[in-house]
Every structure is written in structure tokens, then in C-alpha cells.
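Trainee: This is the structure I have questions about; it appears just below.
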Amino acid sequence: MADDWKFEVPTTGTKHLPPDARYMEALSSQGYGFEVAIADLVDNSIDAGAKDVVIHFLRDGDQLVSLLIIDDGEGMTDEGLDVAMTVGGQRNYGRQALGMFGTGLKSASLSHASAVTVVSKTKKTRPAGRRWLMERALSSFQCDIVDPYYAQTLIDRYYQCPITWQGTVIRWDGVKNFPQRGGSGQTDRYLHRTINKLGLHLGLYLHRFLARDDFNITIAVEDVSTGMEYMNFGVVPLDPFGYPVSGHPEYPRRFVADVPSVGQLGLDAHIWVPKSNLDEYRAVGSVIERQGFYFYRHNRLVQAGGWNNFRQPEQHLSLARVAVDLPSGSEKVFRLTVKKEGVEMSPEVVSALEEAADDQGRLFTQYLTDADTTYRDARKRSGTVRKPVIPAGKGIDTSVRETIEDELPVLPGEDPISVRWTKLDTDVFFEVDRDGRSINLNQHYRAAILGGRRGTLNDAQVVKSLMYLMLHQVFEKEYSGPREKDNLQLWQSVLVSAARAEMERMTDDD
């Protein structure tokens with residue numbers, strides 16, 4: 001009955017319920033990507049006033065052993081270390097601090113390492129350290145105190161590179177995605193791939209800091225046995241708005257949305273030059289992912305692309321990017337993820353965007369039309385109009401998929417076409433699986449195509465890309481006519497013959 005309803009739940013007291021130690025396992029299972037986790041630690045360095053940050057991969061011959069993040073920030077005392085290593089430790093964040101929840105150091109580190117050690121020194125205190133072992137954290141909240149002599153040794157190791165009078169060292173051991181076996185160049189390939197992705201991620205999300213003269217991030221690799229440094233380079237800023245010339249003469253343009261809970265929200269709208277080959281344009285994500293809003297919190301990028309339910313992404317808006325600096329006190333309408341790589345925007349903001357306008361009364365929605373027109377006009381000037389295609393999917397490398405999406409309009413709402421290896425009869429090279437939306441290549445010929453190299457998900461990119469270009473139209477029709485069937489048979493015969501020739505060549509070489 002209506003009279004029985006309580007608008008406030010009645011209570012009779014309180015009870016202290018401390019978290020179970022397994023909370024640490026949940027904390028470290030939040031899906032932190034490797035690059036995202038490192039960026040979270042660099043945020044702490046920036047908050048500590050660091051001018052130089054070094055990300056140091058340590059190897060022993062072919063085996064990777066540890067990863068360290070070192071900075072020359074203000075450092076921490078014993079008491080400060082206790083707070084930093086406490087889950088949800090209460091600290092006073094400055095008005096422009098990048099830290100938010102008091103969990104980043106622990107959750108980011110233990111997501112990727114079985115042990116995290118923090119050693120720090122201020123100008124007035126001796127080095128001190130703490131260590132979390134994941135194994136122990138799962139059974140209790142006991143944090144190790146690092147031997148003061150070792151703490152001093154670790155600080156001394158990085159004296160003047162970058163630590164001088166103060167600084168902090170974070171050490172990861174038992175890093176989960178380090179190669180277990182380092183032979184056959186596996187470690188070198190891992191480092192090349194990982195450091196490249198890490199440099200791009202840090203260059204993008206921290207580009208405003210890296211553009212300053214007084215802040216640097218260095219990534220280095222050292223062999224602890226020989227002291228040899230294999231690699232040492234500075235991360236360069238990757239400004240997603242760093243185009244030399246605008247794609248539209250009337251942009252960039254600033255729009256303002258009136259959000260009742262926040263006040264005026266500035267929207268800096270940009271239109272990129274069509275078909276740009278700059279990393280600032282292409283390295284951000286796919287055509288669909290790189291368009292939309294770029295949210296900044298205290299000059300730190302916290303979302304790179306996406307329309308946040310304001311509209312659906314589409315090919316024709318691939319040149320549109322909008323920079324938004326989140327105002328202070330806007331947490332209710334812009335909710336950041338713990339990992340700081342995404343923003344949830346409230347319906348209140350979405351509604352305000354519909355009415356947003358510049359100082360001349362031009363609506364923000366007109367900007368979207370201008371970005372769409374810029375893209376379409378560039379296509380018309382090229383002299384050709386290409387038909388939309390079903391996008392490429394798994395098995396095709398991300399960079400290749402991006403090029404396909406740049407060059408060809410994509411059919412909206414279609415599941416992508418994957419290309420994969422599978423067991424087939426030896427008299428066929430490929431199979432078209434319409435229902436599964438995949439092109440299946442014959443596993444029997446894989447070694448010959450790869451020249452004996454080890455196979456991976458995205459191997460044989462030239463062959464897979466050619467197969468996609470040859471066969472994508474087959475998936476766009478309900479059935480194949482006589483001419484298409486004849487072409488399929490022709491391609492089968494030629495490709496089987498070519499694959500067998502490659503196999504014979506491998507046998508002769510042996």
C-alpha cells in the first residue's frame with residue numbers, strides 16, 4: 001500500500017566491515033592496458049612536480065627481468081609512502097592534480113606485475129621504500145618495508161638520470177606480459193612492439209605536457225649484466241590537433257554549450273585535411289574511433305575520440321575532432337573511468353550540445369555538416385566515387401584496416417570480414433564462409449606463405465589483404481553468378497599452384 005512506503009530507509013546503527021584481502025585481486029583486475037597503466041604512474045610523477053621521467057626496461061641477456069619508472073619529483077617521506085601504498089589512501093590532491101581515486105598506483109601496477117616496489121626520497125629525508133607482493137596482498141594487507149640500504153642503492157643507481165636531490169623509483173617485478181622465453185629474437189620483437197605502442201600512447205595522452213620545454217619522458221632498455229644500453233629515446237608529443245593547415249577555411253571555431261549543472265562549456269571544433277598521412281591523424285585509432293570528442297582534464301587527455309551518445313560515428317565525419325577541457329566541478333555530468341581513458345557524458349550535456357553555438361550564432365550541428373561536406377568534396381575532387389564495402393576484421397592488421405576505411409566508404413551496421421587459417425582439403429587455397437563472415441585460408445600452405453616464420457594472428461598481411469580485396473564483394477551479394485563462380489575457381493587453381501611451388505622451394509632450400 002502507498003502508506004507503507006518509506007522514502008528513507010530506517011536504520012538502527014552501524015557496523016564496521018573492513019574489506020576482504022581478495023579486494024586486492026578485484027582491484028588489480030580492472031582491465032588496465034599496459035600503456036594505460038604506465039600512463040597512470042606518469043600522472044603521479046607529474047603531480048609530484050617531476051621534470052624528467054625515465055621508463056626503464058631491464059634485461060639479462062635475452063630475458064626481461066624488471067620494469068622501472070623513475071622521476072625527479074618531490075619524493076615522499078615514510079608517512080607519504082604509507083599513504084601512497086594504502087588502497088584508497090586519503091591524500092590531498094591539488095586543484096590541478098591528475099590523480100583522483102587513490103588506487104592508480106596499486107591497481108595499475110598489480111594488474112601487470114606480481115610485485116611492485118616504491119622507493120622515494122625528499123630533499124630532507126633519507127630514501128625509504130615499500131613493497132606489495134600480489135601473493136601476500138591476496139591473503140592479508142601486509143606491505144613490506146624495503147631495506148634502507150637497498151633503498152639508498154636504488155636511488156643512487158639513478159643519480160642524475162634523472163634523480164638529483166629528490167625523486168621516486170617504482171619497480172615492477174614478475175611482469176605478466178614479458179616473454180617467458182627470450183630466444184630467437186622474441187625479446188627484441190616484444191620490446192620493439194611494446195615500446196612503439198607505449199611511446200605513441202604517452203605521446204598522445206600527455207602531449208600538452210610533452211610540448212613544454214621543462215618536461216620530458218625517456219624510454220630506455222639496459223642489460224643489467226653488461227651495463228649496455230640498447231635503446232634510449234625521448235617520447236615526442238602527438239597532438240591530435242597538430243595539423244599544419246586546416247581542412248576547412250572557417251575552422252577551428254569555438255562553440256559554447258550552456259550546461260545547467262556546469263555553466264558554459266567550450267567546444268573547440270577542428271576539421272582535418274582529408275587523407276592526411278601524419279601520425280597525429282592516423283595513429284590515434286581507426287577512422288571510426290578517431291573522430292569526435294577529445295576530453296582533457298587538467299591538460300591531460302582522458303578520452304581520444306568518440307561521440308558519447310551525441311550521435312553515431314560514420315565515415316563522413318572522420319575529419320571531425322572537438323577539443324573539450326572539462327571544467328572544475330563537472331564530475332556529475334562528466335564521469336571519468338578509473339583508468340582515465342574514457343568519459344561518460346550525461347544526457348544533460350547531450351541536450352545542451354544540440355543548442356551550442358559560436359559567437360556569431362552558428363550552431364554546433366552546422367559544424368558536423370561542414371566536416372561531412374569537407375570529406376565528401378575531397379572524394380568528388382579525386383574524380384572517383386567508390387562503392388561502400390563491408391569492413392575488414394580479425395586477421396587484418398589494424399593499420400591495414402585503417403587504410404581500407406580511409407580509402408573505401410564502409411557499409412554501416414555490417415559485421416566485418418575476418419581472414420583466418422583453417423584446415424581445408426589440399427586442392428583448395430581458400431574457402432568463403434558467408435554465414436560466418438570469414439575468408440578461410442588453407443592451413444596446409446601457411447608455412448610456405450610465411451617462409452618458415454612463426455605464425456601469428458596478423459601474419460601474411462599481403463596475402464590476407466589481397467584476399468579481402470578479391471573477395472569482399474562476394475559477401476555483399478546474396479549469391480554468386482556464373483562469372484563470379486568461374487573467377488573463384490580460377491583463383492583457386494592459380495593460388496593452389498603458387499602455394500605448392502612455394503612448398504617445393506622450401507623443400508629444395510632444406
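Trainee: Please give, to one decimal in nm, the separation of the simple spin-label points placed at ARG208 and ARG420, each 7 Å out from Cα toward the Cβ.
Mentor: 4.2
Trainee: Between PHE233 and ARG434, what is the FRET efficiency for a Förster distance of 45 Å, r being their Cβ-Cβ separation, to the nearest 0.05?
Mentor: For R0 = 45 Å, the calculated efficiency reads 0.45.
Trainee: Going Cα to Cα from LYS332, which lysines come in below 27 Å? Please leave out same-chain ones fewer than 8 positions away.
Mentor: Partners within reach: LYS6, LYS106, LYS340.
Trainee: Let me ask something else about it. For VAL400, what is the net charge nearby, where nearby means another residue's Cβ is under 13 Å from its Cβ and Lys, Arg count +1, Asp, Glu -1?
Mentor: -2
Trainee: For LYS123, which lysines qualify as cross-link partners when the Cα separation must be under 20 Å and same-chain residues fewer than eight apart are set aside?
Mentor: LYS51
Trainee: Give a quick list of GluC sites (Glu not before Pro) in segment 288-352 that DSSP marks as loop, anything other than H, G, I, E or B, with at most 15 other Cβ atoms within 10 Å.
Mentor: Counting only loop positions with at most 15 other Cβ atoms within 10 Å, the GluC sites (Glu not before Pro) in segment 288-352 are GLU331.
Trainee: Still on this structure, please answer the following. DSSP beta bridges in the chain, what fraction antiparallel, as a percent rounded to 5?
Mentor: Once the DSSP bridges in the chain are tallied, antiparallel ones form about 75 percent.
Trainee: What is the distance in Å between the Cα centroid of segment 188-232 and that of segment 412-466?
Mentor: With segment 188-232 and segment 412-466 each reduced to a Cα centre, they are spaced 35 Å.
Trainee: Set the bar at 28 Å for Cα to Cα. Now go through LYS394/LYS485; LYS394/LYS477; LYS197/LYS380 and name every pair that lies beyond it.
Mentor: Pairs exceeding the cut-off: LYS197/LYS380.
Trainee: Tell me, in nm to one decimal, what length is gained between LYS394 and CYS161 on full extension, where the rule is 0.36 nm per residue of separation less the Cα-Cα distance?
Mentor: The span from LYS394 to CYS161 would gain 79.6 nm if fully extended.
Trainee: Next question. In debye to the nearest 20, how big a dipole does the chain give about its Cα centre with +1 on each Lys and Arg Cβ and -1 on each Asp and Glu Cβ? Could the numbers behind the result be given before it?
Mentor: On the way: 59 positive and 71 negative charges, 41 e Å.
The calculated dipole for the chain is roughly 200 debye.
Trainee: Need the full-extension length gain, LYS275 to THR218, defined as separation in residues times 0.36 nm minus the C-alpha distance. One decimal, nm.
Mentor: 17.4 nm
Trainee: For the pair GLU289 and ASP173, how long in nm is the line joining their label points, each one 7 Å along Cα→Cβ?
Mentor: 3.5
Trainee: How would the chain be classified by its alpha-carbon gyration tensor: rounded, prolate or oblate, with rounded meaning a/c under 1.5 and the a/b versus b/c comparison settling the rest?
Mentor: Oblate is the answer for the chain, as a/c is 1.5 or above yet b/c matches or exceeds a/b.
Trainee: Among 222-231, 271-280, how do they line up by average Cβ neighbours within 10 Å per residue, starting with the highest?
Mentor: 271-280, 222-231
Trainee: Would you mind calculating the gained length between GLN142 and GLU348 on full extension (0.36 nm times residue separation, minus the Cα-Cα distance), in nm to one decimal? Could the numbers behind the result be given before it?
Mentor: Working: separation 206, 0.36 × 206 = 74.16 nm, distance 4.46 nm.
Length difference between fully extended and current span is 69.7 nm.
Trainee: Same structure, new question: Filter the trypsin sites (Lys or Arg not before Pro) in segment 427-510 to those in DSSP coil with at most 11 other Cβ atoms within 10 Å of their Cβ, and list the result.
Mentor: For trypsin sites (Lys or Arg not before Pro) across segment 427-510 that sit outside H, G, I, E and B with at most 11 neighbouring Cβ atoms in 10 Å, the list reads ARG453, ARG454, LYS477.
Trainee: Oh, and also: Using only DSSP helix segments of four residues or longer, with each worth -39500 (n - 2.57), what per-residue ellipticity at 222 nm results for the chain after dividing by its residue count and rounding to 500?
Mentor: -9500 deg cm²/dmol
Trainee: On to the next question. Would you mind counting up the charge near HIS444? Only other residues with Cβ under 11 Å from its Cβ, with Lys and Arg at +1 and Asp and Glu at -1.
Mentor: +1
Trainee: Okay, moving on. Across every pair of different alpha-carbon atoms, what Kirkwood hydrodynamic radius in Å does segment 136-259 reach? Mind showing how you got there, number by number?
Mentor: Numbers: mean 1/r = 0.0524 Å⁻¹.
About 19.1 Å, per the Kirkwood formula over Cα pairs.
Here, each number is a calculation from the coordinates, and none is a lab measurement. Remember, predicted model here, so these are calculated numbers, not experimental data. Ideal geometry is used to build each Cβ from the backbone, glycine not excepted, and the neighbour counts take in all protein chains shown.
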